[in-house]
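Trainee: Sharing a structure with you now.
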Number of protein chains: 4
Amino acid sequence: MIFASDNAGPAHPRVMEAVMAANAGHAMPYGNDDITRAARAAVRDLFEAPEATVEFVATGSVANALALACLARPFDGIFAHRVSHVEEDECGAPEFYSGAKLILIDGQDARMDPEALDAAIREAAGRGVHGVQPGPVTLTNITELGTVYTLDEIAALVAVAKRHGLAVHLDGARFANACAALDCTAAGMTWKLGIDAVSFGGTKNGCLGVEAVVLFDPAKGRELELRRKRGGHLFSKHRYLSAQMAAYATDGLWLEMARAANARMKALIEGLSTVPGAVVAHPPAGNMAFLDLPRAVHQRAMAAGAKYYIRSEDPVDTGDPDAPLRCRIVCDWSKTPEDIEALLAAWRG
Amino acid sequence: MIFASDNAGPAHPRVMEAVMAANAGHAMPYGNDDITRAARAAVRDLFEAPEATVEFVATGSVANALALACLARPFDGIFAHRVSHVEEDECGAPEFYSGAKLILIDGQDARMDPEALDAAIREAAGRGVHGVQPGPVTLTNITELGTVYTLDEIAALVAVAKRHGLAVHLDGARFANACAALDCTAAGMTWKLGIDAVSFGGTKNGCLGVEAVVLFDPAKGRELELRRKRGGHLFSKHRYLSAQMAAYATDGLWLEMARAANARMKALIEGLSTVPGAVVAHPPAGNMAFLDLPRAVHQRAMAAGAKYYIRSEDPVDTGDPDAPLRCRIVCDWSKTPEDIEALLAAWRG
Amino acid sequence: MIFASDNAGPAHPRVMEAVMAANAGHAMPYGNDDITRAARAAVRDLFEAPEATVEFVATGSVANALALACLARPFDGIFAHRVSHVEEDECGAPEFYSGAKLILIDGQDARMDPEALDAAIREAAGRGVHGVQPGPVTLTNITELGTVYTLDEIAALVAVAKRHGLAVHLDGARFANACAALDCTAAGMTWKLGIDAVSFGGTKNGCLGVEAVVLFDPAKGRELELRRKRGGHLFSKHRYLSAQMAAYATDGLWLEMARAANARMKALIEGLSTVPGAVVAHPPAGNMAFLDLPRAVHQRAMAAGAKYYIRSEDPVDTGDPDAPLRCRIVCDWSKTPEDIEALLAAWRG
Amino acid sequence: MIFASDNAGPAHPRVMEAVMAANAGHAMPYGNDDITRAARAAVRDLFEAPEATVEFVATGSVANALALACLARPFDGIFAHRVSHVEEDECGAPEFYSGAKLILIDGQDARMDPEALDAAIREAAGRGVHGVQPGPVTLTNITELGTVYTLDEIAALVAVAKRHGLAVHLDGARFANACAALDCTAAGMTWKLGIDAVSFGGTKNGCLGVEAVVLFDPAKGRELELRRKRGGHLFSKHRYLSAQMAAYATDGLWLEMARAANARMKALIEGLSTVPGAVVAHPPAGNMAFLDLPRAVHQRAMAAGAKYYIRSEDPVDTGDPDAPLRCRIVCDWSKTPEDIEALLAAWRG
């Protein structure tokens, strides 16, 4: 009953088989192999972007950091939501790779407010040489709070950025879950709306550890490769990284797994009606939800073996068994309807 | 017939099985899992260092960069051989992570000369505040030219460093091949000689992609973890990284594979007596050798399907079929006596 | 009638004379001269800190950046008020020198709220390895909004920092104006309250361009020197930098000039009763004030030759002559009662 | 009798007068003042480059670091002579500002050998993504060993760089001394030969502390300003920095002082015929020379009050009074024929 994160789940059998199959004999290192060429092609097809720069890394943090480093100058500001992975959970990696500074934007449910973004860009521009310059904007879909940006909402934010001549990056650690939630294509959520760069996540959604950095500007390819190497992220036995992405991006496996995870979360939310005192904190759109449950309910579930995060900023030290505590629940592709029912049952006691 | 590098070889079946086995069900992410704890313990046992800081990453470049960043200050110089991976093949990663500057030391066959090291340290110290300060020394065993430092040679260099109060790092991308060549233990080649930090390589020797950063000072653990995270190198699904190292460090698999690779190279060198005009360039000690062969011999082997690197700095543009060209040949654990004979046959024509 | 900033003012005659006097004959470079030794001693006397590390630089931005780089690790967060020079007006210099990340704290009138600081430190600590670690706290006195922290308010913030084991830095770009406002000693506002490092400003207060970085930990001296050199801030003809500070820190010139500047501002604030529609935005304590004045009043003063900043974030584009616009007025040591009366007259029209 | 460095000398009266004159009343800060505009214009006239980007800083180290940071990418190599200020005496500042790595080139008397430069560029290019990429070339005239590059020698090195598409920077810490030695114009030694960027030194040649960063590409201006600010090098009371450069670059003062310093050195070299055992180590072209003198001769001069550097790498510990020790002698603009005669006399004893 581990619902702590989608990265607590296993890899999909088809991904594992691809890694096994990649282990046949010798292959030239550093990405000069057929599997890597095939994986790159599969991602380009998936994004309907035959010219795009596509390179693979093993973590989402570095995918974001490298993409942003290719878009930002060392004296720029990067506009990110206050509640975002680049700000809260990457220990300064985006700043380390780019030299730039994050400028935090507010907005409901981890979604940037276009007016707030516009105001922040104008404020930065107004500082002249004294402050960091307006640089790229980075969005996350689905967001850190499990909500989703609609295509119109993304378009509105891109419009603000483009009005100021700024590039836009999309942190797609849960890209597939967003496409599944919006029932849109990868191209439809990105370059067709004006997005310049994407961290296309595989790790959280059924891979062992692989993310694709996608830059729709083909001219950025060499810079991306060199920044990746300088960061120590160029795999020598590259085929094992590529094989995961090749399987993931082929025959819609990426979308199939995301749909499954989203469906489980939908069932969990519906089932909450049977859990006394359960309240949904943000409108969940994909495979992640934040819930308020009475302390006693959490204790009961934990005692039954459930594992998930209770947010540390909550006042966990009151003795009141009815005091609501906020938790984060994440479903991965492998969760079954029975798993969901088991968690609900543990909460109901 | 790919002899371009040991990282062109496959992973060992026992390593692959460990990765498969790790894929059962859910596990807490970021290294908070049993497999990671077991892998850490296995490496500490291997080094007879129960207190050592041990963390895992996926590439040798970042293992070196993180280890050196934990030993060097941003205004230090790092003493490395002119012919070393940190200088030639990491695109500035050690400088990126540490902020420090490499100071290059000469010495025969990629082995640092103790007098040259001592002179360089004294010269740096003599610059006062104007130059970078004497910082850590980094050695590689086996070296970039396939030669080996004996234990006495390592001890002599460590003595120079310690006399000046400097730490010593060992780049062990081919650590196992060195232990096999010297018939010594991991502890005997490192902390028992005064080595402070090791990049313990698994990737080139039968793993998919895993290296252990080993710092014998237990107090360095937190800094290493944070620098790894800031570099985007903390794996979320950490079990797949750890499973490789657990298998590699258990029951002597690491040494078994290295012995096999070294034995193949030994056979290749012996077989050279049958190849007209073949000359060994540096005394090969492990699984890598540099050979001078007539251009015509290379052309014949390439035509027969052999793949290996001919060093670009050689004058490859003369038309003379007898002109010797230097090549690098590397054997990995999976090479068979038949593979060796096949390459020799291709050279003989 | 330039009231744009105290750095728009001239240097004090005694400072200029010291620079002239320093120009006699030859002197050893890089601070190995008698004037530098004397200046260091004068600053140590001023702070009653005979052992303190004291080095000189030419700008306040680098004084802050170097002091913070000596206190913060590259994976730390630096706690600063949202309205502070390090955040708004140094183009990322503190991050560039330290590698650390700023974490912004709220609080009335540019003064950090102790509860908000404590909450931010606890939140950072709660992120574990995923976020930057709690690092130094940096305060500014007098603040960016012209207000002052009382000694008790500083003590309360230092208490929060120390409870979490964190160092505290004081940005003293207007240090003298704060001492004059609080009628306290340099020691009384710093190390006696637990402050670890100070940027002791001279530039804004009657020097040509000199700041002292003061670290009360004598062991930090070498690191500070090396970071300064690496940043390109070690002056070769150091005597000209030191001569300014020697004059500034001697016979209370620093305090004499600050008192004069504060007195002028006090007179200006009192005189506002004669300016229809003038409103003071934040309680001014030193030589800087933020005022709301009707647009027409500003236009009248500008027409009469007054120069000062009207904050860009204000809605300057409404046509309404009575619309209040916020301006910043700063007095330097050289302003006379007549200068103040002239500005008031220009506003009155 | 201080001959340790030209930065041990005083500022020229006309420079001091300009600084005094700049101290009249108030002026807008950060370079928005008439004196700065005039100084910029004077430097552009001096270089016959009306469109050039010209900004001022206070040290030569940061002038080099900023110029190189505007020419190099973080994954580039910067080609510099092994015996150069950027390599030996800037504590890693060029790497800190640019993120790039220095690649050292050999050549007689601190002058790069064109073949060695070409070979190093080709070697770097041959490493592909594994090594840093070929980046800018930086030359120094007059060199760190007091020799001079002729215009033809500069042209030959620029030709190599341009053939590979690389930019060229000139470290002109002693730019004026080189122009005086070659009897050429500033334009003739720089952009007319293809030089892209210059650190135009004033500090060592009669100023208090000012250098001009000159980028002949006008489009680089904004980047230079922002990198300077981020490094903490934007002076608020900018007029005092600019006033020095305005005086220095006007009416040929820069050249007048350099000619005087060079003439003194010429006289000193000629006078050496009267000093038994004196040997000139490198052909001195400007105001700096390296000499071998018997230990006893040095001791005699030191006893008589002479101050200059004896290079630490020399074997200073032999007791032999006749053992030659290498010293560096530098003349600044203020040295008189009597000063030269006094030093020679001290050596003669």
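Trainee: On the full set of protein chains, 1.4 Å probe, figure out the accessible area of C:Ile340 and give it in Å² to the nearest 10.
Mentor: Approximately 10 Å² for this residue.
Trainee: Dipole magnitude of the stretch B:59-169 about its Cα centre, charges +1 at Lys/Arg Cβ and -1 at Asp/Glu Cβ only, in debye to the nearest 20?
Mentor: Here the size comes out at about 500 debye.
Trainee: What nm distances, shortest first, do you get from the label point of A:Leu151 to those in the other copies when the point sits 7 angstrom along Cα to Cβ?
Mentor: 6.5, 6.7, 6.9
Trainee: Which chain C residue comes nearest the axis with its C-beta when you rotate C onto A, and by how many angstrom?
Mentor: C:Glu95, 3
Trainee: When all protein chains stay in place, what accessible area (Å², nearest 10, 1.4 Å probe) is found for B:Asp183?
Mentor: 130
Trainee: While we're here: Per the helix-only calculation at 222 nm, which mean residue ellipticity applies to chain B, given -39500 (n - 2.57) for every DSSP H run of n ≥ 4 and division by its residues, nearest 500 deg cm²/dmol?
Mentor: Theoretical 222 nm ellipticity from helices: -12000 deg cm²/dmol.
Trainee: Still on this structure, I have one more. Which cross-chain or sequence-distant (5 or more) residues have an amide H under 5 Å from the amide H of A:Met28, H modelled 1.01 Å from N in plane?
Mentor: Answer set, sorted by chain and number: none.
Trainee: Now for a different question. Anything in chain D that counts as a DSSP H helix reaching 24 Å or more along its axis (C-alpha) with Kyte-Doolittle mean of at least -1.0? List them, would you?
Mentor: Once both thresholds are applied, what remains is D:253-271.
Trainee: For D:Arg73, go 7 angstrom from Cα along the Cα-to-Cβ vector, then report the distances to that same point in the other copies in nm, smallest first.
Mentor: Label point to label point, same position, other copies: 1.6, 3.3, 3.4 nm.
Trainee: A further question on this structure: Just by accessible area at a 1.4 angstrom probe, what is the order of D:Arg127, A:Arg239, B:Arg14 from largest to smallest?
Mentor: In descending accessible area the options line up as B:Arg14, D:Arg127, A:Arg239.
Trainee: Mean separation of Cα pairs under 8 Å and 6+ residues apart, divided by the residue count of chain D: what relative contact order is that in percent?
Mentor: Details: 732 pairs, mean separation 85.3, N = 349.
With pairs under 8 Å counted, the relative contact order is 24 percent.
Trainee: Give me the dipole magnitude in Debye, nearest 20, for the protein assembly as shown about the Cα centre, with unit charges on the beta carbon: positive for Lys and Arg, negative for Asp and Glu.
Mentor: So the dipole magnitude of the protein assembly as shown works out to roughly 0 debye.
Trainee: Along the positive direction of the dipole of the stretch A:258-348 (beta-carbon charges: Lys, Arg +1; Asp, Glu -1; about the Cα centre), which of A:Gly305, A:Val330, A:Leu344 reaches farthest?
Mentor: Of A:Gly305, A:Val330, A:Leu344, it is A:Val330.
Trainee: Taking the Cα centre of the stretch C:80-138 as the origin and placing charges on Cβ (Lys, Arg +1; Asp, Glu -1), which of C:Gly131, C:His81, C:Ala120 is farthest toward the positive end of the dipole?
Mentor: Value: C:Gly131.
Trainee: By DSSP, what percent of the beta bridges with both residues in the stretch B:12-254 are antiparallel, rounded to the nearest 5?
Mentor: Details: 10 of 27 bridges.
Antiparallel bridges: around 35 percent, rounded to the nearest 5.
Trainee: Sticking with this one: Between A:Gly126 and the same site in the other copies, what are the distances in nm, shortest first, taking label points 7 Å from Cα along the C-beta direction?
Mentor: So the label point of A:Gly126 gives 3.3, 5.7, 5.8 nm to the other copies.
Trainee: Next question. Most mobile of D:Ala246, D:Ala24, D:Ala173 per a Gaussian network model of chain D (Cα springs, under 10 Å)?
Mentor: Judging by the Gaussian network model, the answer is D:Ala24.
Trainee: What shape does the protein assembly as shown have by the C-alpha gyration tensor, where a ≥ b ≥ c are the square roots of the eigenvalues, rounded means a/c under 1.5, and otherwise prolate means a/b greater than b/c and oblate the rest?
Mentor: Numbers: a/c = 1.92, a/b = 1.14, b/c = 1.68.
It comes out oblate by the Cα gyration axes.
Trainee: Rounded to the nearest 0.05, what FRET efficiency do C:His130 and B:Thr150 have when you use their Cβ-Cβ distance and R0 = 51 Å?
Mentor: 0.70
Trainee: Along the Cα→Cβ direction, 7 angstrom out, place labels at A:Tyr309 and A:Ala24. What is the inter-label distance in nm?
Mentor: 4.1
Trainee: At a Förster distance of 56 Å, what's the computed FRET efficiency of B:Arg163 paired with C:Glu338, Cβ-Cβ distance as r, to 0.05?
Mentor: 0.20
Trainee: Identify, among D:Ile103, D:Ala21, D:Ala278, the residue whose Cα sits farthest towards the positive end of the charge dipole of chain D, taking +1 on the Cβ of Lys and Arg and -1 on the Cβ of Asp and Glu, with the dipole about the Cα centre.
Mentor: Working it through, the farthest residue towards the positive pole turns out to be D:Ala21.
Trainee: Now, a different point. What longest range of chain C stays clear of loop-exposed GluC sites (Glu not before Pro) (DSSP non-H/G/I/E/B, at most 16 other C-beta within 10 angstrom)?
Mentor: Details: sites that count: C:Glu48, C:Glu51, C:Glu313.
Longest stretch, sites excluded: C:52-312.
Trainee: Continuing with the same structure: Dipole magnitude of chain C about its Cα centre, charges +1 at Lys/Arg Cβ and -1 at Asp/Glu Cβ only, in debye to the nearest 20?
Mentor: Here chain C has a charge dipole of around 720 debye.
Trainee: Also, I was wondering about something else. Would you mind classifying chain B by shape? Square roots of the alpha carbon gyration tensor eigenvalues, ordered a ≥ b ≥ c; an a/c under 1.5 is rounded, otherwise it is prolate if a/b is larger than b/c and oblate if not.
Mentor: oblate
Trainee: How big is the antiparallel share of DSSP beta bridges in the protein assembly as shown, given as a percent to the nearest 5?
Mentor: 55
Trainee: To the nearest Å, what is the center-to-center distance of the stretch C:82-135 and the stretch A:53-91, using C-alpha atoms only?
Mentor: Result: 20 Å between the Cα centres.
Trainee: While we're here: Sort D:Lys229, B:Lys220, D:Lys192, B:Lys162 by heavy-atom solvent-accessible area, probe 1.4 angstrom, most to least.
Mentor: Final ranking, largest accessible area leading: D:Lys192, B:Lys162, B:Lys220, D:Lys229.
Trainee: Assuming R0 = 51 Å, what is the FRET efficiency of B:Ser273 and C:Arg73, from their Cβ-Cβ distance, to the nearest 0.05?
Mentor: Here the calculated transfer efficiency is 0.35.
Trainee: Here's another thing I want to ask about it. What residue among B:Ala125, B:Ala285, B:Ala176 has the largest mean-square fluctuation in a Gaussian network model of chain B, using Cα springs under 10 Å?
Mentor: The residue with the greatest mean-square fluctuation here is B:Ala125.
Trainee: Once amide H atoms are placed 1.01 Å from N in the peptide plane, what residues at a sequence separation of 5 or more from D:Ile103, or on another chain, have their amide H within under 5 Å of its amide H?
Mentor: Counting only residues 5 or more places away or on other chains, the set is D:Ile78, D:Phe79, D:Ala80.
Trainee: Is the stretch C:258-348 best put as rounded, prolate or oblate by its Cα gyration tensor, with a ≥ b ≥ c the root eigenvalues, rounded for a/c under 1.5, and otherwise prolate when a/b is larger than b/c, oblate when not? Please report the intermediate quantities before stating the final value.
Mentor: On the way: a/c = 1.89, a/b = 1.59, b/c = 1.19.
Verdict is prolate for the stretch C:258-348.
Trainee: Can you list the residues, at least 5 places off or on another chain, whose amide H is less than 5 Å from the amide H of A:Gln133, using H built in the peptide plane?
Mentor: Amide H neighbours of A:Gln133, under 5 Å, 5+ apart: A:Asp76, A:Gly77.
The values are calculated or read from the model by the stated rules, or taken from the named source; none is laboratory data. Predicted, not measured: the structure shown is a model, and the values here were computed from it. Note that each Cβ is placed from the backbone with ideal geometry, even for glycine, and that neighbours are counted across all protein chains shown. Note: accessible area is taken over every heavy atom of the protein model, side chains too, but ligands, DNA and RNA are not part of it. Shrake-Rupley method; radii C 1.70, N 1.55, O 1.52, S 1.80 Å.
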